[in-house]
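A.B. asks: Pasting a structure below so you can have a look.
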Amino acid sequence: MKKATRAWVKKAEQDYALAVHASRSDVPVHDGVCFHCQQCAEKYLKGLMEERGLTIPKTHALVLLLAALISHHPNLRLFRRGLIFLTPFAVDTRYPGENASKRQAVAALRWAAKVRVEARKLLGIRGRAPPR
């Protein structure tokens, strides 16, 4: 695996760990959970792009990243609905006016975990079980 890909994976893992930790908080932080789930998925997709030598756009639009990867990893198509769901959490809930619900946070964590598992498989990463 390329050094730059490892850097994307490291950042993605940090976001995933933060999302899992926040989901267990006594204080409801649904916006933060959703944000870090979106970021985890985004960084794993960008890591896959890096590994393939693709140009990585500066975007939070996960379906655009997916479109660039589909020809290389057709199974990622299965995550399209989840990526569409996660995309707005990159910005919308970061500011007043939009708030994520507990239900959305649970779904975001589920989608992030699915993307994470698939990306790690595609990158040949074995080892640590996902945080629970």
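A.B. asks: Taking 7 Å along the Cα-to-C-beta vector as the label spot, tell me the Val27-Asn99 distance in nanometres, rounded to one decimal.
C.D. replies: Taking the two extended label points, one gets 1.5 nm.
A.B. asks: With a ≥ b ≥ c taken as the square roots of the eigenvalues of the C-alpha gyration tensor of the stretch 46-101, please select rounded if a/c is under 1.5 and otherwise prolate if a/b is larger than b/c or oblate if it is not?
C.D. replies: Oblate.
A.B. asks: Dipole of the stretch 80-124, Cα-centred, from +1 at each Lys and Arg C-beta and -1 at each Asp and Glu C-beta, to the nearest 20 debye?
C.D. replies: 280
A.B. asks: Continuing with this model, one more query. Roughly speaking, to the nearest percent, how much of the chain's 1.4 Å accessible area is carbon and sulfur?
C.D. replies: Ligands and nucleic acids excluded, carbon and sulfur reach 55 percent.
A.B. asks: Another one. Springs between alpha-carbon atoms under 10 Å, Gaussian network over the chain: tell me which of Tyr44, Tyr16, Tyr95 tops the mean-square fluctuations.
C.D. replies: Answer for the Gaussian network model of the chain: Tyr95.
A.B. asks: Which ³J(HN,Hα) values, rounded to whole Hz and listed in residue order, are derived for the stretch 88-101 from phi using the Karplus coefficients 6.51, -1.76 and 1.60 in 6.51 cos²θ - 1.76 cosθ + 1.60 with θ = phi - 60°, glycine and proline given as x?
C.D. replies: With coefficients 6.51, -1.76 and 1.60, one gets x, 6, 5, 9, 3, 8, 7, 10, x, x, 10, 10, 7, 8 Hz.
A.B. asks: Here's another thing I want to ask about it. Rounded to the nearest 10 degrees, what's the angle between the helix 3-23 long axis and the longest principal axis of the chain, both from Cα atoms, 0 to 90?
C.D. replies: Here the helix axis deviates by roughly 20 degrees.
A.B. asks: Go through Val106, Met49, Leu83 and say which Cα lies farthest out towards the positive end of the charge dipole of the stretch 1-131; charges sit on Cβ, +1 for Lys and Arg, -1 for Asp and Glu.
C.D. replies: The residue sitting farthest along the positive end of the dipole is Met49.
A.B. asks: Please list, or write none, the aspartates and glutamates whose alpha carbon is within less than 15 Å of the alpha carbon of Lys58, excluding same-chain residues fewer than 8 places away.
C.D. replies: Within reach: Glu42, Glu50.
A.B. asks: Order the peptides 99-110, 31-42 from the highest to the lowest mean number of other Cβ atoms within 10 Å of their residues.
C.D. replies: 31-42, 99-110
A.B. asks: Under 16 Å from a label point 7 Å along Cα→Cβ of Arg110: give me every residue in the stretch 14-53 with its amide N that close.
C.D. replies: The answer is 34, 37-38.
A.B. asks: Oh, and also: At 7 Å along the Cα-to-beta-carbon direction for both Arg77 and Val63, put a label point, then send me their distance in nm to one decimal.
C.D. replies: Calculated label separation equals 1.6 nm.
A.B. asks: Sorted by mean Cβ packing within 10 Å, highest first, what order do the peptides 70-78, 22-30 take?
C.D. replies: 22-30, 70-78
A.B. asks: Can you show me the helix-derived [θ] at 222 nm for the chain, built from DSSP H runs with n ≥ 4 at -39,500 (n - 2.57) apiece and divided by the number of residues, rounded to the nearest 500.
C.D. replies: Mean residue ellipticity, 222 nm, calculated: -20000 deg cm²/dmol.
The values are calculated or read from the model by the stated rules, or taken from the named source; none is laboratory data. Here the structure is a predicted model, which is why all the values come from computation and not from measurement. We place every Cβ from the backbone using ideal geometry, glycine too, and count neighbours over all the protein chains shown. Heavy atoms of the whole protein, side chains included, go into the accessibility calculation; ligands, DNA and RNA do not. Shrake-Rupley method; radii C 1.70, N 1.55, O 1.52, S 1.80 Å.
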